[in-house]
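The values are calculated or read from the model by the stated rules, or taken from the named source; none is laboratory data. Bear in mind the structure is a predicted one, so any value in this text is a computation, not a measurement. Positions of Cβ are backbone-derived with ideal geometry, glycine not excepted, and every protein chain shown enters the neighbour counts. Surface accessibility is based on the protein's heavy atoms, side chains included, excluding ligands, DNA and RNA. Shrake-Rupley method; radii C 1.70, N 1.55, O 1.52, S 1.80 Å.
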Amino acid sequence: MLDSFLFVGLPYISLAVCVLVTFYRLRHQRFAQSALSSQFLENKQLLWGSMPWHIGIAVILLAHFFILAFPGLWQALVANKTVLYIFESAGIALSMLALVGLAVLLVRRITSARIQAVTTTMDLVILLLLLGQVVLGMATAGLYRWGSAWAVNTAVPYVWSLILFKPEIAYVTDLPPLMKGHIIGAWLLLLLIPFSRLIHVFALPLQYLFRPPQKVVWMDSRHQEGELSLAEAQESRRYFLRAALGIVGGACLLFVGAADKLFRFFFGPRLSQKEEASIMSERLSLMQKTVEQKKYELERQQNDYIFISKLSDLSAQKGKYFIDYAMTPALAFLDKDNLPLLLSAKCTHLGCTVGSNVDADGKILCPCHISYFDIHSGMPNPDSPAKAPLPHIGWVLMDQSGKMVASKTANGKVTGNPDLTDLSQYSVFVARYQKEDA
Ligand code: HEM
Ligand code: FES
């Protein structure tokens with residue numbers, strides 16, 4: 001119930017409030033979107049805080065959106081270990097940059113009496129929320145390795161399920177609390193955007209960069225004396241924005257350049273014919289994978305049964321991978337009674353695909369963070385990071401004439417008693433509709 005509210009209700013409420021209130025404010029309160037400027041009151045710390053914060057967070061958020069928009073391409077990139085290490089290290093470096101910037105901005109707000117005069121409670125709430133969000137993101141990245149890889153099977157399909165109005169919270173309910181907090185933090189930030197200075201992300205004052213400079217004329221003698229040097233020392237907001245934009249652009253390019261394949265494409269030596277051929281064959285195999293995936297999807301839409309294997313081809317020591325109706329990976333084994341044993345291969349920790357080799361204790365390993373699962377109970381070892389069992393999957397056994405001779409539901413109910421002297425005459429299927437009480 002709570003999960004449904006936090007991962008379905010909250011995002012939709014936040015989005016609706018954000019869109020409606022932002023629209024209202026942009027239309028009816030055109031001059032009330034900017035925060036009270038503090039640049040006049042203090043400029044040095046602002047520069048050292050705002051610049052690294054915006055550079056760091058802009059690139060990280062771009063990466064978040066990239067993974068969401070192109071999960072397949074991202075997965076193909078991070079399948080290469082070197083690229084994965086580069087991306088993860090860049091993520092940590094950029095989030096440290098953002099964290100330092102944010103800390104400076106926060107200290108500046110709290111310690112300077114002049115800034116306090118133009119600081120609202122909402123300013124502080126937003127700064128603290130952003131701080132929490134960055135810390136949770138970094139903690140997730142540090143404690144649950146290779147988030148940029150496992151997020152493709154968990155957070156990404158969850159966010160897409162929201163976008164397509166078919167919310168699927170199962171993708172995130174088993175995630176560790178840190179990651180759940182990170183996602184909830186994002187929805188809270190979305191909710192508060194229109195009520196806070198964050199609304200400026202929708203009113204990015206780009207025209208500001210090109211308008212003619214403004215001159216501030218002070219009327220009192222104290223300011224007139226130092227006016228020139230002050231004007232030089234205090235870079236105008238316009239220059240600040242220009243520099244920030246330039247550096248953000250440069251950082252983005254650097255980030256993209258980190259993908260060494262891309263770098264080689266532009267700057268590396270020309271490829272030999274052999275190398276071109278090998279790249280083409282790699283591309284072809286990726287395209288074939290996509291075709292295969294589409295074939296699977298079509299097969300699942302058209303048929304009420306999916307063929308898994310001949311019963312005689314299943315083994316008790318090594319599972320056979322297949323894709324179930326939910327398009328998630330699963331494994332088929334031969335059980336002790338010579339009947340099939342089917343279970344999900346999607347690790348209940350963070351969604352990696354578990355290995356297919358059964359060890360001497362009857363367990364299979366998820367290599368991502370070392371969780372061992374018993375294939376009969378589905379249960380993980382008590383000290384494994386995964387806590388929930390791998391769910392079993394129901395099956396149907398058919399003879400050569402296509403007649404159903406036995407079946408087992410996901411909750412373990414078996415029907416039928418086939419003669420198992422010759423396993424090769426039976427085929428194993430999963431059924432689209434299998435009643436739990438069959
Ligand atoms: C629903 C929205 C979001 C999702 C699903 C999400 C997901 C993730 C994931 C899976 C990671 C771990 C990446 C890794 O291990 O390298 C991460 C890291 C991070 N996230 Fe988010 N995030 C969301 C929103 C946000 C927002 C709104 C912010 C900031 C305002 C943010 C800032 C960060 C930061 C700073 C990191 C650390 C990056 C690193 O060290 O690699 N995230 N996020
Ligand atoms: S995904 Fe972490 S142990 Fe499997």
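So here's what we get for this one:
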quantity	calculated
Segment 122-178-segment 7-24 distance, computed between alpha-carbon centres (Å)	18 Å
Ordering of 47-56, 344-353 by packing [mean C-beta count within 10 Å, highest first]	344-353, 47-56
Spacing of the two label points (7 Å from each Cα toward its C-beta) at residue 399 and residue 143, in nm	5.6 nm
Ranked by how many other beta carbons lie within 10 Å on average, peptides 129-142, 149-162 from highest	149-162, 129-142
Gain on full stretching of the segment that runs from residue 313 to residue 112 - 0.36 nm per residue minus C-alpha separation	65.0 nm
Most to least accessible of 325, 426 (protein chains only, probe 1.4 Å)	325, 426
Heavy-atom SASA rank of 64, 28 (probe 1.4 Å, accessible area, largest first)	28, 64
Inter-centroid distance (Cα atoms) of segment 379-438 relative to segment 270-339, Å	19 Å
Sequence ranges 314-323, 73-82, ranked by mean other-Cβ count within 10 angstrom, highest first	314-323, 73-82
Extension gain from residue 410 to residue 120, taking 0.36 nm per residue of separation minus the Cα-Cα distance	98.8 nm
Extension gain (nm, one decimal) between residue 129 and residue 168, 0.36 nm per residue minus Cα-Cα	11.5 nm
Accessible surface, 1.4 Å probe, highest first, among residues 373, 66, 307	307, 66, 373
Cross-link table 336/363; 310/408; 180/295; 363/403; 320/346, entries beyond 22 Å C-alpha to C-alpha	180/295; 363/403
